[in-house]
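Okay, so here's the structure we're looking at.
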Amino acid sequence: MRARPVLAAAAALWLAAAGRDGFDAWVAATALPPLTVETGAEVRGQGDRLLRAFQVADGRWRLAADPARVDPLYPAMLIAFEDRRFHRHPGVDPRALARAAWQSLRAGRVVSGGSTLTMQVARLIEDGPTGTIAGKLRQARVALALERRLTKAQILALYLDRAPFGGNIEGVRAAALAWLGKEPARLTPAEAALLVALPQSPTLRRPDRGGEAARAARDRVLARAAAAGVIDADTAAAAMTEPVPDRRRPFPMLAPHLADRLRAADPGRAVHRTSIDPALQAALERLAAQAVADRGERVQAAIVVADHATGAILATVGSAGYAADARQGFVDMTQALRSPGSTLKPLVYALAFDDGLAHPETLIEDRPVAFGAYAPQNFDRRFRGTVRVRAALAESLNIPAVLLTEAMGPERLMAALARAGVRAELPGGAPGLAVALGGVGVTLEGLVQLYAALARGGAAVALSATEPRVTGAVLTGPVAAWQVADALAQIAPPPGAPAGIAYKTGTSYGHRDALAIGFDGRHVAGVWLGRADGTPVPGAFGAEVAAPVLFEVFARLKRAPDPLPPPPPAALTLPTGALPPPLQRFRPRDTALADGGPAVAFPPEGAEVALDGGPLLARVRGGVPPFTWLADGHPVLLRDPGREALLPLDAPGFVTLAVIDAEGRSSRVKVRLSP
């Protein structure tokens, strides 16, 4: 007789085990939707601050929320309000579900959900129904399966990314930005409670449409949080007095043109990190808008600021307004090819100094001149006669710049732009002398990169907001770069602006472009004003409209300019009369050759010469002794009477060797020295 109870008990255990195994198999067989949540691409600046976010493919604002960067008060309130046993149940809370089932059976419909947070996540990832018993059963099954495959932290992270917050806003991070205007890293109790309340009825409780409903729901969350001990009663009472937001805030939209470029270049990347300073970027976007406010509806502005020590772009303003309006604000004018006007002249002078053709105190003629059919004139149609090279650069005289370009060859100018990493496009054919006056297309960012090299003592740097780098290319020697910077720093700043910034302005033909580029001891910046469609802006001069904006850029960047570096040890800081005779007065190259000027007989152009530990043997033919020899613009032998000289050069690499005779005529070659 005792066998029957034993058999009955065994049978019951077997049935229970079979039921459990079947239940486990049923849960294990649950087909889950993809658990990867699509979130919008982001562009971030310094401090990992959001510059711009993009919507996901269906037009929703859904941004990845790192749980570690969400105020802990929010999940604590969420669990206290929605699912107090979240960390103890297996996905379904039997007590809550039994209560909900009983209420539903009595009413014939779903009265209270009894849903756990895991069940809510199941509904969100499947976008399933909520008002039917079948829907609840499906959610329960998916929730049980989720709990077996994910940790509690992973389930909560899915909720943070997918919870609805009204309209096309999903996820706590997008909600905090849209309704609170801030990241969710630091929330007040009132803010955290509002974000807990919204997903329960996102349409009815939208703060911009149902302020009272949002307030009442928020206050219920605060009351329950106080009852659960998440916050104290006094904190809850104080939080209930805070107003509820009454409008939706725009998502950050800083550096939109840069963001577009980064996303187009790498559309699969979720986060694009940049060197942009968000506060500076915002300030300069406001400055650009102010700069064009009273200049007509079609005038645009663009600004680039970089740290020339590293090449990191700190701010880039593509237009005065990112919109498809009369100003064509959608066009990124930092990348548009435009005429640089006179802003290439500092490069002309730097190369001339480096080649030994001139010195800042050299005298040069500003008189009518013609090169075949090309007869350049100054902007004001006036001629100054004999001037110092320093003054010619400061006053932006055209004829001296063309004379120097003719002496070195316009190809030399184009090659230097290439070494600086500047994209330059000619209107057609080979470069002519007009290149020196802006007859070539370059971008504003390219010009700023060129001036960054001058600011760095002639060493090129690749500007970038993502991958800045020192290229290793040499534009000029440090002496020539310093001489140009010193001359530019002597140009008077706009009224009321501080001194200490080396800058140059430019105005392109027909007043189509007004530019100002400048640098101090740490930063380089460029400003462009004009029309995006390239039509003229009557009366727009770089010195009058762009230079004041440039100095405003530096004022927003720092309190005072960083000092420019001192002269290099090899720099000749002498008046005209104390210079070596060949550098006292510039003579055009063609005149020198026609009059039997000097020519480097050895080494020949392009040769590679082995020094073998000794000096370089050099020979000159023609010309009138004594001769002065220069290497990369630095005097290495002064007033030598002979036609053969031993030059003390020991550094391997390329060198431009120049010889100048007693009458100031010169010749040069570029050779490579090996140890």
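Table: residues versus (1) without any contact (Cβ under 8 Å) to a residue 12 or more places away in the chain; (2) surrounded by fewer than 23 Cβ atoms within 10 Å (Cβ to Cβ); (3) not charged (D, E, K, R); (4) not assigned by TED's automatic domain parsing to the domain that holds Gln55.
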residue: Gln139; (1), (2), (3), (4): no, no, yes, no
residue: Leu150; (1), (2), (3), (4): no, yes, yes, no
residue: Val172; (1), (2), (3), (4): no, no, yes, no
residue: Ala176; (1), (2), (3), (4): no, no, yes, no
residue: Trp179; (1), (2), (3), (4): no, no, yes, no
residue: Lys182; (1), (2), (3), (4): yes, yes, no, no
residue: Ala192; (1), (2), (3), (4): no, no, yes, no
Working only within segment 278-305, note down all residues that are closer than 22 Å to Val442 by Cα and not hydrophobic (A, V, I, L, M, F, W, C).
Arg298, Gln300
Would you confirm, using the coordinates I've provided, whether Phe353 is in contact with a helix residue (DSSP H, G or I) (Cβ under 7 Å, 6 or more places away or on another chain) and of a type in the set (A, V, I, L, M, F, W, C)?
yes
Among residues belonging to segment 422-432 that are surrounded by fewer than 20 Cβ atoms within 10 Å (Cβ to Cβ) and not acidic (Asp, Glu), point out the one that is nearest to Leu397 (Cα to Cα).
Gly432
Some residue of segment 588-597 being closer than 23 Å to Val479 by Cβ and at pLDDT 85 or above:
no
Of these, Val609, Val669, Val659, Val600, which one is in contact with a Ser or Thr (Cβ under 6 Å, 6 or more places away or on another chain), of a type in the set (Val, Ile, Thr) and at pLDDT below 90?
Val600
With the checklist (1) under 17 Å from Leu444 (Cα atoms); (2) crowded, with 23+ Cβ neighbours inside 10 Å; (3) of a type outside the set (Val, Ile, Thr) in hand, flag the one item Asp520 doesn't pass.
(1)
Name the single residue, out of those in segment 482-498 being touching a residue at least 12 places away in the same chain (Cβ under 8 Å) and among the small types (Gly, Ala, Ser), that is surrounded by the fewest Cβ atoms within 10 Å (Cβ to Cβ).
Ala497
Restricting attention to segment 436-449, does a residue exist that is more than 24 Å from Ala485 (Cβ to Cβ), touching a Phe, Trp or Tyr at 6+ places or on another chain (Cβ under 8 Å) and part of a loop (DSSP other than H, G, I, E, B)?
no
Across segment 618-675, which residue is nearest to the chain's Cα centre (by Cα) among those that are among the acidic types (Asp, Glu) and farther than 14 Å from Gly356 by Cα?
Asp650
Kindly establish whether Tyr322 is among the aromatic types (Phe, Trp, Tyr) and either on the phi > 0 side of the Ramachandran plot or assigned to a loop (DSSP other than H, G, I, E, B) (or both).
yes
Scanning segment 433-459 for residues that are in contact with a Pro (Cβ under 7 Å, 6 or more places away or on another chain), of a type outside the set (A, V, I, L, M, F, W, C) and surrounded by 21 or more Cβ atoms within 10 Å (Cβ to Cβ), which turns out farthest from Gly526 (Cα to Cα)?
Gly458
Those residues of segment 173-191 which are part of a helix (DSSP H, G or I) and closer than 19 Å to Arg209 by Cα amount to Ala174, Ala175, Ala176, Leu177, Ala178, Trp179, Leu180, Ala190, Glu191
Of the candidates Arg382, Arg388, the one satisfying the condition of being in contact (Cβ under 8 Å) with a residue 12 or more places away in the chain and basic (Lys, Arg) is Arg388
Filter segment 270-304 for residues that are in a strand (DSSP E or B) and aliphatic (A, V, I, L, M); the one that is surrounded by the fewest Cβ atoms within 10 Å (Cβ to Cβ) is Val271
Go over the candidates Pro34, Pro90, Pro67 one by one and state the one that is at pLDDT 95 or above and within 20 Å of Leu146 (Cα to Cα).
Pro67
Go through (1) surrounded by 12 or more Cβ atoms within 10 Å (Cβ to Cβ); (2) on the phi > 0 side of the Ramachandran plot one by one and return the number of the condition Pro581 breaks.
(2)
It is to be established whether one or more residues within segment 364-383 are of a type in the set (A, V, I, L, M, F, W, C), surrounded by fewer than 22 Cβ atoms within 10 Å (Cβ to Cβ), in the same structural domain as Val470 (by TED's automatic domain parsing) and modelled with pLDDT of 95 or more.
no
Counting only helices (runs of 4 or more DSSP H) entirely within segment 328-435, those with at least 2 residues that are charged (D, E, K, R) and over 28 Å from the mean Cα position of the chain (by Cα) are 410-419
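The values are calculated or read from the model by the stated rules, or taken from the named source; none is laboratory data. Just so it is clear, the model here is predicted, and its values are computed rather than measured. Glycine also receives a Cβ, built like all others from the backbone with ideal geometry; neighbour counts cover every protein chain displayed.
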